[in-house]
1. If you check 134, 153, which single one turns out to be at pLDDT below 90 and surrounded by 17 or more Cβ atoms within 10 Å (Cβ to Cβ)?
2. On the basis of being at pLDDT 90 or above and among the basic types (Lys, Arg), does residue 160 make the cut?
3. Look through the stretch 108-131, keep the residues that are buried (at least 16 other Cβ atoms within 10 Å of the Cβ) and hydrophobic (A, V, I, L, M, F, W, C), and return whichever of them is nearest to residue 214 (Cα to Cα).
4. Filter the stretch 80-111 for residues that are under 14 Å from residue 140 (Cβ atoms) and either over 13 Å from the mean Cα position of the chain (by Cα) or among the charged types (D, E, K, R) (or both); which is modelled with the lowest pLDDT?
5. State whether one or more residues within the stretch 137-150 are surrounded by 16 or more Cβ atoms within 10 Å (Cβ to Cβ), among the β-branched types (Val, Ile, Thr), under 16 Å from residue 220 (Cβ atoms) and within 17 Å of the chain's Cα centre (by Cα).
6. Could you figure out which of (1) within 20 Å of residue 131 (Cβ to Cβ); (2) at pLDDT below 85; (3) β-branched (Val, Ile, Thr) isn't true of residue 214?
Amino acid sequence: MSKKNNDINNTNISKSIFEVQETERKRIARDLHDTTLHDLTYIYHKLELLSLYIENDSEKAKTELMNIKKSLKHTMNDIRNIIFDLRPAILDDLGLKEAFGVFFNWLRKNTKFQYILDIDTIDVDKDIFLNIYRIVVECIMNAVKYSGGTQIRFLCKKFKNEIVICVEDNGKGFEKNNISNTRISHGMSIVRERVKILNGSITYTTDIGSGLKIDIVIPLN
């Protein structure tokens, strides 16, 4: 590859990384505004109400205090999830298979889906590691939020010099070639950019009532 072509390729990769980062920043800001900030405002008003009840109605004050504690616990969990999404600490300490194990254990406790897993032990560079992890989490969470199904099958295998990833749900599916007009399109745009950065390929198989299957191939060279 000529120096000129190499420079152009590096520029395109840098642009893609920047676009992914900006998209994720916007999503984090939206999550903070739509959930955390809303919840904190609710708690603030509850505390104002509590200050009135303390003097006039001790029973109502106790009830409000319990509601505030529940709201605080919920908000703390939301903040933990946002921090986890920014940089999961497990990625620094565990391998890819172990990191997925922690993620799916969390999903089993917090969702009603059945998960069928087939995960290889794969040793890759940390940057590739992080991108693969982000790609998988985005695909799985989109299925959890939008598929309307009950089962998700996840495969992450190493074949020769490539990693093959498959995420498949048994949900409602979409019209073929119409994913760009669905609610998952925002998350999928991030996935496509990450796959592009890794010089990989991504394909979708779906139809109304047939769920969605996402196949991703990432080269290791």
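1. Unique residue meeting the criteria: 134.
2. No: the conditions fail for residue 160.
3. 119
4. Only one residue fits best here, namely 85.
5. No; the residues of the stretch 137-150 include none that is surrounded by 16 or more Cβ atoms within 10 Å (Cβ to Cβ), among the β-branched types (Val, Ile, Thr), under 16 Å from residue 220 (Cβ atoms) and within 17 Å of the chain's Cα centre (by Cα).
6. Of everything listed in (1) within 20 Å of residue 131 (Cβ to Cβ); (2) at pLDDT below 85; (3) β-branched (Val, Ile, Thr), residue 214 misses just condition (2).
The values are calculated or read from the model by the stated rules, or taken from the named source; none is laboratory data. Given the structure is predicted, the values throughout are model-derived calculations rather than measurements. Reconstructed Cβ throughout: ideal geometry from the backbone, glycine too, with neighbour counts over all protein chains shown.
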